[in-house]
Ligand SMILES: Nc1ncnc2c1ncn2[C@@H]1O[C@H](COP(=O)(O)OP(=O)(O)OP(=O)(O)O)[C@@H](O)[C@H]1O
């Protein structure tokens, strides 16, 4: 169980996240959506303990995040950040093995090697094991990083997985595959909190959607409750039509074309 109570984050007297309260439990895939700058990544960084809330508390399985040791936390939650900068020339399997660092002392065990082979296979990157990470495409790099995150908590049942735009560089096949893996992990008892920009992927895969606006919780509920034209307009300033698929009972969001008058460009041309 992850519990977030009245959490705020303030920098230079500006609240980037303001008084957010929610909780999520094992088996749930929670998607966070909101406009650029709404505070999604800041909130996720507090959930991962990378940033300390300036107000409020976050608990994981009944224990405050601030009371966990780094090692204890590494065995309970894994994080896929929006930008995973790698400057050194590591092979992909070395990147994935980094997820196992909290598990072994000097040398990886048989179990560590088995786990990285399994997670690389599941993420479709086993064939890239010996390749330099820096030579991979953006989508391939994201899949390798996803395998690293899975390797970290693969044998830690009930762990929390936090992901910030995990599918941003992926093609439609791997977007679906990544979120299907996430969903399957939820069914095995993991907790997932995922920031998504693609609303229709949130509609398809999330059990619940937390919609942020200007750092505040704007809506929180089942995809069909949260994703309506009024909420989408108020958060994204975009006109949309939302249809419900009668077979799957899932929402499908169609955004309407935004037409700019040619006069808009007059001063540039
Ligand atoms: N250290 C900081 N100092 C000042 N402002 C910051 C700092 N970190 C983030 N911000 C600002 O806080 C706001 C929220 O940032 P955040 O990265 O959480 O947004 P986001 O919802 O994840 O956006 P995006 O969808 O663009 O990734 C943004 O306006 C950002 O410029």
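The values are calculated or read from the model by the stated rules, or taken from the named source; none is laboratory data. What you see is a predicted model; the values in this text were computed from it and never measured. Methodologically, a virtual Cβ is constructed for each residue, glycine included, from the backbone with ideal geometry; neighbour enumeration extends over all protein chains shown.
Against the condition within 12 Å of the ligand (Cβ to nearest atom) and not in a loop (DSSP other than H, G, I, E, B), how does residue 16 come out, does it pass?
Considered against the rule, which asks whether it is within 12 Å of the ligand (Cβ to nearest atom) and not in a loop (DSSP other than H, G, I, E, B), residue 16 comes out as yes.
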The listed residue being at pLDDT 95 or above and farther than 22 Å from residue 172 by Cα, out of 149, 79:
79
Scan of segment 9-40 for residues that are crowded, with 20+ Cβ neighbours inside 10 Å and out of contact with any helix residue (DSSP H, G or I) (no Cβ under 7 Å at 6 or more places or on another chain), ordered by number:
24, 30, 38, 39, 40
For residue 5, are the conditions met, namely being surrounded by fewer than 14 Cβ atoms within 10 Å (Cβ to Cβ) and either in contact (Cβ under 8 Å) with a residue 60 or more places away in the chain or more than 17 Å from the chain's Cα centre (by Cα) (or both)?
no
If we only count strands (runs of 3 or more DSSP E) wholly inside segment 177-265, which ones have 2 or more residues that are within 15 Å of the ligand (Cβ to nearest atom) and under 20 Å from residue 165 (Cβ atoms)?
191-195, 208-213, 216-221
If I filter segment 70-81 for residues that are surrounded by fewer than 18 Cβ atoms within 10 Å (Cβ to Cβ), within 22 Å of residue 155 (Cβ to Cβ), out of contact with any helix residue (DSSP H, G or I) (no Cβ under 7 Å at 6 or more places or on another chain) and free of Cβ contacts under 8 Å to residues at least 24 places away in the same chain, do I get at least one hit?
yes
Conditions (1) in a helix (DSSP H, G or I); (2) surrounded by 15 or more Cβ atoms within 10 Å (Cβ to Cβ) -> residue 158 fails only (1)
Of the residues in segment 232-243 that are free of Cβ contacts under 8 Å to residues at least 40 places away in the same chain and touching a strand residue (DSSP E or B) at 6+ places or on another chain (Cβ under 6 Å), the one that is surrounded by the most Cβ atoms within 10 Å (Cβ to Cβ) is 232
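Tally up the residues in segment 200-217 that are surrounded by fewer than 22 Cβ atoms within 10 Å (Cβ to Cβ) and within 23 Å of residue 241 (Cβ to Cβ), please. Steps first, please.
If we filter segment 200-217 for residues that are surrounded by fewer than 22 Cβ atoms within 10 Å (Cβ to Cβ), which is where we start, we get 200-201, 204, 207-208, 213-214, 216-217.
Checking which are within 23 Å of residue 241 (Cβ to Cβ) leaves us with 200-201, 204, 208, 213.
Residues that pass the stated criteria total 5.
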Residues being within 13 Å of the ligand (Cβ to nearest atom), assigned to a helix (DSSP H, G or I) and without any contact (Cβ under 8 Å) to a residue 12 or more places away in the chain: count how many of those fall in segment 34-68.
1
